[in-house]
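The structure appears below as structure tokens.
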Amino acid sequence: MESLKNICLRQQQDKPEYFDDPHKDQLIRLALSLAEEICVLRDQLETSLLLAKQGLDCTAEAIEAFEPDEVLTEQRLAKHTHYFEEVMQQLLPPETGHATTPGRTED
């Protein structure tokens, strides 16, 4: 399965266009970049909680050295995917072919 890092790198390389206005596309990329950082912070928090639960020190080095097992990796990727889908749903208008924004109806 493709890692979140690879997905984000590919997204940055492809630079998809959602709008005719490049400034709007730039704002979308900024929002996705911030969402990526939130995913990283959530993973770090979850890792620190797992380390603490095991009675280990939650140092920056321990968090960086942590290697999640395959199950945790799959769970995190599913959470990331769901989160990015929610973000995109809020950012893109219905006419782009993506999910509609809650509370909005298509005319």
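The values are calculated or read from the model by the stated rules, or taken from the named source; none is laboratory data. These numbers come from a predicted model, not from an experiment. Neighbour counts are summed over all protein chains in view; Cβ atoms, including those assigned to glycine, are modelled from backbone coordinates with ideal geometry.
Is it the case that segment 51-69 has a residue that's of a type outside the set (S, T, Y), at pLDDT 85 or above, in a helix (DSSP H, G or I) and under 18 Å from the mean Cα position of the chain (by Cα)? Lay out the reasoning, then the answer.
So the first thing to find is which residues in segment 51-69 are of a type outside the set (S, T, Y), and the list is 51-58, 60-69.
Cutting the leftovers down to at pLDDT 85 or above gives us 51-58, 60-69.
Add one more test, that the residue is in a helix (DSSP H, G or I), and what stays is 51-53, 60-65.
Of the ones still in play, those that are also under 18 Å from the mean Cα position of the chain (by Cα) are none.
The answer is no; no qualifying residue exists.
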Given the criteria out of contact with any Pro (no Cβ under 9 Å at 6 or more places or on another chain), of a type in the set (A, V, I, L, M) and at pLDDT 95 or above, does A99 qualify? no
